[in-house]
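Data block below; observations after.
The values are calculated or read from the model by the stated rules, or taken from the named source; none is laboratory data. What you are looking at is a predicted structure, and each value in this text was computed from that prediction instead of being measured. A quick note on method: Cβ atoms are made from the backbone with ideal geometry, for glycine too, and the neighbour counts reach across all protein chains shown. Accessible surface areas use protein heavy atoms only, side chains included; no ligands, DNA or RNA. Shrake-Rupley method; radii C 1.70, N 1.55, O 1.52, S 1.80 Å.
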Amino acid sequence: MAKLTEKDIINWSGPEEDYMNEDHLAFFKELLTKLQEEIIDNASATTNHLQEQVVTPDPADRATLEEEYALELRTRDRERKLLTKVQASLRQIEDGSYGFCKDTDEPIGLKRLLACSTEHLTLSPTGRRMPLLRVISLRLMVRGTSALSSRLNQGKASSSHMMVSVSYPR
């Protein structure tokens, strides 16, 4: 078959057993490889740009330049994180698991992968995780607060212990 295009991916309506066939895998591998190369090129350009010594005697100009550098570094940091996801997706293409949910092994869907080619979950596990994590977090906060309030009443904890930090796994 000829090389697939984005339009072919959007309009694909083949049988379920034909999902993630060789043509689909080749399309997404090319897409992810281009994205990987683009991220690496941007990182190289940023490195070269930051190594240029620009002398600015005016403090306002220097502050503007430093802010631009900081913004560029934040952007590259986001791209660095994306690069790890892209490389993981390329490994999944090689091992044959690309395009399937890592939790349920259901097909993620070509349109969803086209929108976010590094996706590894279907919508249902993603939707199920967030409310569950919120419930767990709230229970921990309530338990922690009640235990902490009794410790405060006994004089065994200070009010600075009241801060509860909750982070969600990715």
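Can you pull out every residue in region 30-41 that is over 18 Å from the mean Cα position of the chain (by Cα) and surrounded by 12 or more Cβ atoms within 10 Å (Cβ to Cβ)? It would help to see each step written out before you state the result.
Step one: filter region 30-41 for residues over 18 Å from the mean Cα position of the chain (by Cα), giving 30, 41.
Once the filter is applied, which keeps residues that are over 18 Å from the mean Cα position of the chain (by Cα) and surrounded by 12 or more Cβ atoms within 10 Å (Cβ to Cβ), region 30-41 yields only Glu30.
Does Ile9 satisfy being touching a residue at least 40 places away in the same chain (Cβ under 8 Å) and touching a Lys or Arg at 6+ places or on another chain (Cβ under 8 Å)?
Details: touching a residue at least 40 places away in the same chain (Cβ under 8 Å): yes; touching a Lys or Arg at 6+ places or on another chain (Cβ under 8 Å): yes.
Against the criterion (touching a residue at least 40 places away in the same chain (Cβ under 8 Å) and touching a Lys or Arg at 6+ places or on another chain (Cβ under 8 Å)), Ile9 qualifies.
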Quick one: in region 35-57, which of the residues that are part of a helix (DSSP H, G or I) and β-branched (Val, Ile, Thr) is nearest to Ile108 (Cα to Cα)? Ile39
Residue pairs qualifying under the 7 Å Cβ cut-off, at least six apart or on distinct chains, with the first in region 22-34 being within 17 Å of Pro107 (Cβ to Cβ) and the second being open to solvent by 30 Å² or more (accessible area, probe 1.4 Å) and of a type in the set (Lys, Arg), are none
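Quick one: in region 11-29, which of the residues that are part of a helix (DSSP H, G or I) and touching a helix residue (DSSP H, G or I) at 6+ places or on another chain (Cβ under 6 Å) is most open to solvent (accessible area, probe 1.4 Å)? If you could, list the steps in order and put the result at the bottom.
Here is the first cut: in region 11-29, the ones part of a helix (DSSP H, G or I) are 11, 16-18, 22-29.
Filter once more, keeping what is touching a helix residue (DSSP H, G or I) at 6+ places or on another chain (Cβ under 6 Å): 25, 29.
Working: Leu25: 33, Lys29: 85 Å².
Looking at residues that are part of a helix (DSSP H, G or I) and touching a helix residue (DSSP H, G or I) at 6+ places or on another chain (Cβ under 6 Å), I get Lys29.
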Out of region 99-123, which residues are exposed (fewer than 15 other Cβ atoms within 10 Å of the Cβ) and touching a Ser or Thr at 6+ places or on another chain (Cβ under 7 Å)? Thr104, Glu106
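Out of region 1-29, which residues are among the basic types (Lys, Arg) and within 22 Å of the chain's Cα centre (by Cα)?
To start, the set of residues in region 1-29 that are among the basic types (Lys, Arg) comprises 3, 7, 29.
Across region 1-29, the qualifying residue is only Lys29.
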Is there a residue being among the acidic types (Asp, Glu) and outside any helix (DSSP H, G or I) anywhere in region 91-102? no
With the requirement that a residue be open to solvent by 30 Å² or more (accessible area, probe 1.4 Å), of a type in the set (A, V, I, L, M, F, W, C) and within 16 Å of Phe27 (Cα to Cα), what does region 84-98 give you? none
Select from region 46-83 the residues that are aliphatic (A, V, I, L, M) and free of Cβ contacts under 8 Å to residues at least 12 places away in the same chain and write down the one among them that is most open to solvent (accessible area, probe 1.4 Å). Val55
